[in-house]
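Before any comments, here is the structure.
The values are calculated or read from the model by the stated rules, or taken from the named source; none is laboratory data. Because the structure is a prediction, the values reported are computed rather than measured. Every residue, glycine as well, gets a Cβ built from its backbone with ideal geometry; the counts of neighbours run over all protein chains shown.
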Amino acid sequence: MMVSQIMTPGLVKETIGQRKKHVSMMSNEEIEYLVKRVKRQCHSWIESEHLTSSGRHFHKKYIQDILLSDISKCLIEYNERFSKTFSRRVLLRSSYATPALLDFDGHRSWFFANLCIVMDIDTGKIVTAYWNKVSDSHGSINFSRYDETLQILKHKKSR
């Protein structure tokens, strides 16, 4: 299925009120914990008001495909957000490519793209979603935005 939606990539925003940990900095135990948290929500996820009001519409099948896939291969980062409330989120990137009409630097073209979603692991809300070109491997990623000392398992509850 081809995506006929035009998406403009966002700028990398300054990380204020957030702490992030890149998957390359996580222990196997942290990854396993996050995979389990996502899998608990994979059949009961909901779209956030932000996602539905943004005018961006994603086929629910694309989101569901990510949530039913091998999450350990889709996991990009963990994020703790401190704003009005505390939330714990993960960024997941689909492992499959979909043809998508994307607007990059003012030029509309067809690209193969991965769907990226941000999920609150406590509420199951899909906070936001966006398309990312398959060729965007983030070779220039700024690791100073990430905190290797962030303790993901401190919130782990015995169940």
- Message: Name the residue that is surrounded by the most Cβ atoms within 10 Å (Cβ to Cβ), counting only residues in the stretch 84-114 that are of a type in the set (D, E, K, R) and out of contact with any helix residue (DSSP H, G or I) (no Cβ under 9 Å at 6 or more places or on another chain).
- Response: 89
- Query: With respect to the numbered conditions (1) part of a loop (DSSP other than H, G, I, E, B); (2) modelled with pLDDT under 75; (3) within 20 Å of residue 126 (Cβ to Cβ), which one is the sole condition not fulfilled by residue 5?
  - Reply: (1)
- In the stretch 99-120, residue nearest to residue 45 (Cα to Cα) [restricted to those that are at pLDDT below 85 and acidic (Asp, Glu)]: 103
- Report yes if some residue within the stretch 99-114 is of a type outside the set (Phe, Trp, Tyr) and either within 15 Å of residue 20 (Cβ to Cβ) or in contact with a Cys (Cβ under 8 Å, 6 or more places away or on another chain) (or both); otherwise report no. no
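Could you tell me whether any residue of the stretch 74-83 is surrounded by fewer than 17 Cβ atoms within 10 Å (Cβ to Cβ), farther than 17 Å from residue 116 by Cβ, among the hydrophobic types (A, V, I, L, M, F, W, C) and modelled with pLDDT under 85? Explain how you work it out, then say what you get.
Looking only at the stretch 74-83, we keep the residues that are surrounded by fewer than 17 Cβ atoms within 10 Å (Cβ to Cβ), and these are 82-83.
Next cut, farther than 17 Å from residue 116 by Cβ only: 82-83.
Right, trim to among the hydrophobic types (A, V, I, L, M, F, W, C) and you get 82.
Among the residues that remain, those that are also modelled with pLDDT under 85 are: none.
No.
Do we have residue 152 as modelled with pLDDT of 90 or more and under 11 Å from the mean Cα position of the chain (by Cα) here?
Numbers: modelled with pLDDT of 90 or more: yes; under 11 Å from the mean Cα position of the chain (by Cα): no.
No.
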- Does residue 18 count as closer than 27 Å to residue 102 by Cα and polar (S, T, N, Q)? no
